[in-house]
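What follows draws every value from the coordinates through simple rules; no lab data is involved. As the structure is a prediction and not an experimental result, all values here were calculated from the model. Counting neighbours? That spans all protein chains shown, and the Cβs are built from the backbone with ideal geometry, glycine included.
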Amino acid sequence: MAGSPRRRTTATPVLAASGAEPVAGLPGVGPKLAEKLAARGLASLQDLWLHLPRRYEDRTRVSPIADLAPGRPAQIEGRVEAVERGFRYRPMLRVAVSDDSRATLVLRFFHFNRAQAAQFLPGRRIVCYGEPRPGQRGLEMIHPSYRLLADDEGPVRRDRLDPVYPAVEGIGPASLAKLVGKALERLPPAEELELLPAGLRERLGLPTLRDALLTLHRPPPDVSMADFAMGRHPSQRRLALEELLAHHLSLRRQRIALRRSGAMPVRPPGKLAAALRQRLAFALTGAQQRVFDEICRDMARPEPMLRLVQGDVGSGKTVVAALAAANAVEAGRQVALMAPTELLAEQHLGNFRVWLEPLGVRVTWLAGKVAGRARAAALDDIAHGRAQVVVGTHALMQENVAFASLALVIVDEQHRFGVHQRLALRDKGLAGSQVPHQLVMTATPIPRTLAMSAYADLDVSVIDQMPPGRTPVTTAAVSAERRGEVVERIRAACAEGRQAYWVCTLIEDSDEVEAQAVQSTFEQLQAQLPGLRIGLLHGRMKPAEKQEMMARFKAGELQLLVATTVIEVGVDVPNASLMIIENAERLGLAQLHQLRGRVGRGAEASSCVLMYKPPLSQMARERLEVMRASGDGFVIAEKDLDLRGPGELLGTRQTGLASFRIADPIRDAALLPEVHRAAEGLLASDPRLADRLVERWVGGAARYAGA
Ligand code: ADP
Ligand code: MG
């Protein structure tokens, strides 16, 4: 960040836009502090305005000690009764405080210096704030915040709740609060700050942005904390509404711009696709056929298709994509297929080669690991149109990849890519202003209103039917204490010629730790299952090793594959019919569903064992029960939402939803219809205002993705 203090003097304070003013413009914010703030994404005044408190402390009143209740934070005022220092296990300071209610509270400190300890003299007046808990002798507060009072000092009463902000590394909580306070002093008057049409606000009974921010940073004491905790307070809804609206507008604008740019209509006779269908060992399901028809209709138009295909794991999205690709190739154009992991991209490569190469189509591979001469050759083939279908990973988006006539971009498992990331591929399109058709596929079932919001720039098709002959996967939750039985089950299954996955999960977000853990599980299983051919797969392995392992498993050479969640998306080995998921209680339902989707792909009855470490919390038990009871991704997604507490964001990784600062598209789902309506109105009546909203909330990302 260019947090140079010199800049300060030159920044013209345009009032209406003052939210964009850098934090360095605040008194006392030097380059060092600005840098720490920037590291946390707090670069402008507006960033500080939107850095909302995590919780509040109520110092608006003083509670009698006798009225304290465990777990309910409070402020008390009293006199020091007695002081005790101990060293039994570790240094400890205990200060007994009593007040007029004739009750006593113990303050307990584990970290303190001598000067601090010396302050507590019997008889001194003290005010402190903390959460009482049951102690050995009545209630106690551990490390409360406190202040010793002079005898003539009056009682401490604030008229607003004190905010406690999400921490920023290197800045103390008090300094941070002060800083946000200073930023709030610069809040422009309500009418200058306001971007939402008054009619909308009034209809929903929501405050102005200025009032909402002031209330959220310093709520009055009578505010309902329950509403706050649930994100239901009008001030919170007000911010969420504006943010959702801005994101929605941003996506809608992208869509309008894209549509305007035009595309090459693709309407070949359809011979290639027909030949491909002939070669398939199965007939398309009705749902696949319907979605393919929708795609053909889209692609025949002179404006770009922007279509999302949603279909549960195993519903057969890949073949629909291949048919669309065949059409583009027959029309003399190129196709790019991008997958989020190399493993999945490689599997698509295999499928597309088997399906299309016998029909004379050239399928080219381009991933990050393709290097040197092979890369140069691939790039040359792509640039000269010899490569008709190009399959790969993010590598496809790199600048030096130039297509001769790209007409169709297919993005698989789009939730693994950023919302704006997938849009980058369209720049690889045809010459002039035309852009390629886009087909985006996802297995993430999200409720309809949400989909409308998350994919406002896309039309949605749903493959809502499974290929015939699938036997539902039987799921059981089993305690890790019964690991021996589970191992026995694998032995029996493999003896019958079946194949199995053993999935290791870890919370640590480190490939290395994960690799170690999966390695030791692998060794352990090898020892317990001698004679079984076991493979190992994790993110730390070289791509060639992964590929080989996968190929051996697919060929049936390996009977058991011990893997991390790298196999989560797309992996398709129909003969694998048993899956063990270790520490299943740690994973989200969406992820469990994806993983489980790796089995149940063949005619064989499949099962999935969710192994958990006891004891299970009530919530974890319910979640595993949902998995056991249902195999339908949409049902699971709905239940998942029910079981989630408010504020527990459905991660970007799971849904492909944009990440929000304030809004939680799940919690705030009720606002979405209003958001859609308002967006419609604004785009028609006041596009400039729409621009300002997008600028405020989406800023740089929109500029990048905008046309
Ligand atoms: P996903 O939608 O999860 O990407 P895939 O495209 O990997 O699913 O398909 C899963 C499996 O189902 C593949 O082995 C595929 O060949 C097979 N399949 C797809 N469509 C049909 C169909 N209509 N009938 C039978 N099997 C099918
Ligand atoms: Mg797939």
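Helix by helix, which DSSP H runs in the chain go 24 Å or more along their axis at the Cα atoms and have an average Kyte-Doolittle hydropathy of -1.0 or more?
Span-like helices in the chain: 234-261, 511-528.
What ranking do 204-211, 689-696, 337-344 get when scored by the average of other Cβ atoms within 10 Å per residue, highest first?
337-344, 689-696, 204-211
For the chain, what does the helix formula give at 222 nm: sum of -39500 (n - 2.57) over DSSP H segments with n ≥ 4, over the residue count, nearest 500 deg cm²/dmol?
Mean residue ellipticity, 222 nm, calculated: -11500 deg cm²/dmol.
For each of 129, 455, count neighbouring Cβ atoms within 10 Å of the residue's Cβ, then give the residues from fewest to most.
If I rank by nearby Cβ atoms, fewest first, I get 129, 455.
Of 292, 110, how do they rank once you tally other Cβ atoms within 10 Å and put the fewest first?
Details: 292 22, 110 11.
Exposure proxy ranking, most exposed first: 110, 292.
Mind scanning 36/178; 546/613; 613/639 and naming the pairs with a C-alpha gap bigger than 27 Å?
Pairs exceeding 27 Å: 546/613.
How big is the dipole moment of region 145-185 about its Cα centre under a simple scheme where the beta carbon of each Lys and Arg is +1, that of each Asp and Glu is -1, and everything else is neutral? Debye, nearest 20, please.
Dipole of region 145-185, to the nearest 20 debye: 160 debye.
Roughly how big is the chain's charge dipole about its Cα centre, with Cβ charges of +1 (Lys, Arg) and -1 (Asp, Glu), in debye to the nearest 20?
Charge dipole of the chain: 780 debye, to the nearest 20.
Quantify how much of the Cα-Cα distance distribution of the chain extends past 43 Å, in percent.
When every Cα pair of the chain is considered, 40 percent fall beyond 43 Å.
Please list 114-122, 582-590, 241-249, 162-170 highest first by mean number of surrounding beta-carbon atoms within 10 Å per residue.
Descending mean neighbour count gives 241-249, 582-590, 162-170, 114-122.
Sort 604, 638, 548, 399 so the one with the fewest other Cβ atoms within 10 Å of its own Cβ comes first.
Going from least to most buried by this count: 399, 548, 638, 604.
Using the beta-carbon distance between residue 257 and residue 202 and R0 = 45 Å, what value does 1/(1 + (r/R0)^6) give for FRET efficiency, to the nearest 0.05? It would help to have the intermediate numbers written out before the result.
Details: r = 32 Å, r/R0 = 0.71.
So the FRET efficiency works out to roughly 0.90.
Select from region 38-105 those chymotrypsin sites (Phe, Trp or Tyr not before Pro) which occupy a DSSP coil region and have at most 13 other Cβ atoms within 10 Å, ordered by residue number.
87, 89
Excluding residues on the same chain fewer than 8 positions from residue 542, give the lysines whose Cα lies under 21 Å from its Cα.
Excluding near neighbours in sequence, the set is 369, 554.
Calculate the spin-label point distance for residue 353 paired with residue 632, positioning each point 7 Å from the Cα along the beta-carbon direction, and give it in nanometres.
Each label point lies 7 Å from its Cα, and together they span 4.0 nm.
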